[in-house]
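The block underneath contains the structure these notes are about, expressed in structure tokens.
The values are calculated or read from the model by the stated rules, or taken from the named source; none is laboratory data. Source: prediction; values computed, not measured. All Cβ positions, even for glycine, are placed from backbone atoms using ideal geometry, and neighbour counts span all protein chains on display.
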Amino acid sequence: MFMASCPQATSRTTIVADQQSYAFDGFYLLSHHSFSHPPPFEYVRDNVKCTVTFERVALPVELVGPNVRLRISSFQDYLLWQLLRIPCSQLFPSDATPEECAPFHIYPRFVTTEDVSSLQDVQRLGFLTGTLLSIDVIMDYLDASAMCSAEMFLAEYPPESLLHHVVAYEDGVNHVGCFRVDIVTPQRQLIHDGVGAKWMDGLGATSRFQKWQKLAPVVHESPEVASMMKVLHPNVSYLTGLKCDVFEMASAMPIVFRFLRHVVQLDAFEARWHLTFADKSLLRQAFTHASYVDCGVQSAGGAAESVLGRVQMGHTFSTSNDLPQMPTTTTYSSLQATNLGVGNDDLAAGSARYSHYLCSYDRLAFVGDAVLSFVVSSNSFFQFPDVSETHLRDLRAKIVNNDTVGDLAKTCHVHDLILTSFSLAAVDEYVCYLILGTSTIVAADCVKAILGAILYDQAMTHKSFQGLAVSSDEYVLGKVDGNYERLEFLGESVLHVVTCRVLMDMLPFHEGALLSTVRASLVSTSRLAAVGTSLNYSPFIRFRGQSNDDDGNMPPVIADVFQACLGAMYLEQAAVANRAVLGPKQRFLDHVRQWPEKTLVSFDDLDPPDGVHMHAVGLSVDGFLVCRAMAATKEIAANQAALKALQLFGL
């Protein structure tokens, strides 16, 4: 069921049947796809933000019957095509797969209610409760209205009763079009005062649009419609039986259906990767590129005919209205904002632009970059206990980069779901490295944003972030004679995740660029050294085998020790006690390292039986062959042998 909020609504369409008044209250959406829970959908009309929400309800009995489906199709064809002139290709594009493009049908909700005050709240639809008017009665009413001219209506009712009604105007035998009645003069003249529609409705800053336009052509554009005033002669103007509230909501169907098709794809993505988001809007954010928001693609109404129909029949929006602003209050004080280098004016400006349901993945990618670094750092820390901090950093740099992550995203077809103002398939042909880079960078940022969305939605409880347990003597390279560098490497990634997550809450409306600047200030060497000094770290730092060395007062060293302590604190938490993500080989070696006596484990190549084209590996403990296994590769064979050893040793 659609529930909508339109700040400019003025009156409701009502139908009187059996001495009961039924008011229009949105649409039921009928679909063969079982949606999980689509997030709210926002779009802009002349700088006015409109919101559509979706609520799953039981199928009303009025929608069950032998002729209901045919009548619903007739109503949809009459409203969307005959009146609004929306091409079928905008509702059900030919390039969509059957799974993505399951037939949508809309059923008009005309509801009776005894609460008169609820009928006066014309800006919110979908909240009335009462008896639902059947589609048969609705279609009979529309047929009867189409045979009634405005002249016949005015003979029985006062002129102001026609305000906001939509009439079909004919010039002789030709059907000119449908128009909203905006003015009725004392002489009973009907006037349509069309304000038109601006080009690229919903467009943000022009400079941002120009930036993306230089990168690649914009795919979806909302055409401009010139303003028009037209006199409608009552004798050739025939009633449609509907007011502008029905047409305004119906005219949004192309962009609503486009949104729902993307939701279907995101549902499939969740199922494929075993994800379950409590806040579905976070997942959509993760797939929304900045150009999609800056260029107003979500509000693009499609072909000129359908936009013209909306302008002539939908609500009249005041172009002087500004976009509704988000609350400027935040979760922290102005003093804290000043300390972070962010002024109150910046906060207000950010809050005015930000919407939780229509924003790019920049903020999520900011925190997701830290999450990805943390996941790689923690896993490499545990997987390679004898590797130095320098080599761990080199390994992380080879994995956490746009080329590697972007290529991985393309291999998994993640980039196919990204919402942009341009075609990613053609972006490399128009690429300008000063603006964006390549489609690989877009795909990489999307992966980071997905990780950020998982962290933001599920905190550290998701299995992707669970670390691996190691014994206390594996914290440092070289056991007791080692240093804190490996712990510092791990603690640095922990610190970045924590600061990113906190900044997302402290600066809830700002883009990733500002967040990165603030984070750099927070985790600077001087700030970390100041924290370490306040905790009196200096007396406990050893240099060249001696403690209490004067070099302990060096700020960079204290900052490194602080990060190393964070790494040690992370290792002490229960969250890292799960070994399930380790392979059998690493899990067996990890157990052996914790045995009281030093034990030598080796994986040796063996000769497979004659005629067997496989790799054979034997697992030996202190020179004694314990078990062996064969597989297509040496690594798989080693893991199978380790799995047998775990069972033999009861581990």
Notebook entry, point to check: Do we find a residue being in contact with a Gly (Cβ under 9 Å, 6 or more places away or on another chain), surrounded by 14 or more Cβ atoms within 10 Å (Cβ to Cβ) and either touching a residue at least 40 places away in the same chain (Cβ under 8 Å) or not assigned by TED's automatic domain parsing to the domain that holds residue 13 (or both) anywhere in the range 154-164?
Noted result: no
Notebook entry, point to check: If we scan the range 306-317, do we find a residue that is crowded, with 16+ Cβ neighbours inside 10 Å, at pLDDT below 85 and polar (S, T, N, Q)?
Noted result: yes
Notebook entry, point to check: When the range 135-179 is examined, which residues are found to be part of a helix (DSSP H, G or I) and farther than 21 Å from residue 111 by Cα?
Noted result: 146, 150, 151, 152, 153, 154, 159, 160, 162
Next item on the list: Only strands (runs of 3 or more DSSP E) wholly contained in the range 12-113 count here; list those with 1 or more residues that are over 24 Å from the mean Cα position of the chain (by Cα).
Entry: 14-17, 20-31, 104-112
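Table: residues versus (1) more than 22 Å from the chain's Cα centre (by Cα); (2) in a strand (DSSP E or B).
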| position | (1), (2) |
| --- | --- |
| 235 | yes, no |
| 242 | yes, yes |
| 261 | no, no |
| 274 | no, no |
Margin query: Whether any residue in the range 634-649 is farther than 20 Å from residue 591 by Cα and assigned to a helix (DSSP H, G or I) is what I want to check.
Written below: yes
Next item on the list: Within the range 364-384, identify whether any single residue is farther than 25 Å from residue 255 by Cα, modelled with pLDDT under 85, part of a loop (DSSP other than H, G, I, E, B) and in the same structural domain as residue 502 (by TED's automatic domain parsing), and answer yes or no.
Entry: yes
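In the range 177-185, is there at least one residue being at positive phi and modelled with pLDDT under 80?
Checked the range 177-185: no residue is at positive phi and modelled with pLDDT under 80.
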Note to self: Take residue 447 and tell me if it is crowded, with 16+ Cβ neighbours inside 10 Å, modelled with pLDDT of 90 or more and under 24 Å from residue 486 (Cα atoms).
What the structure shows: no
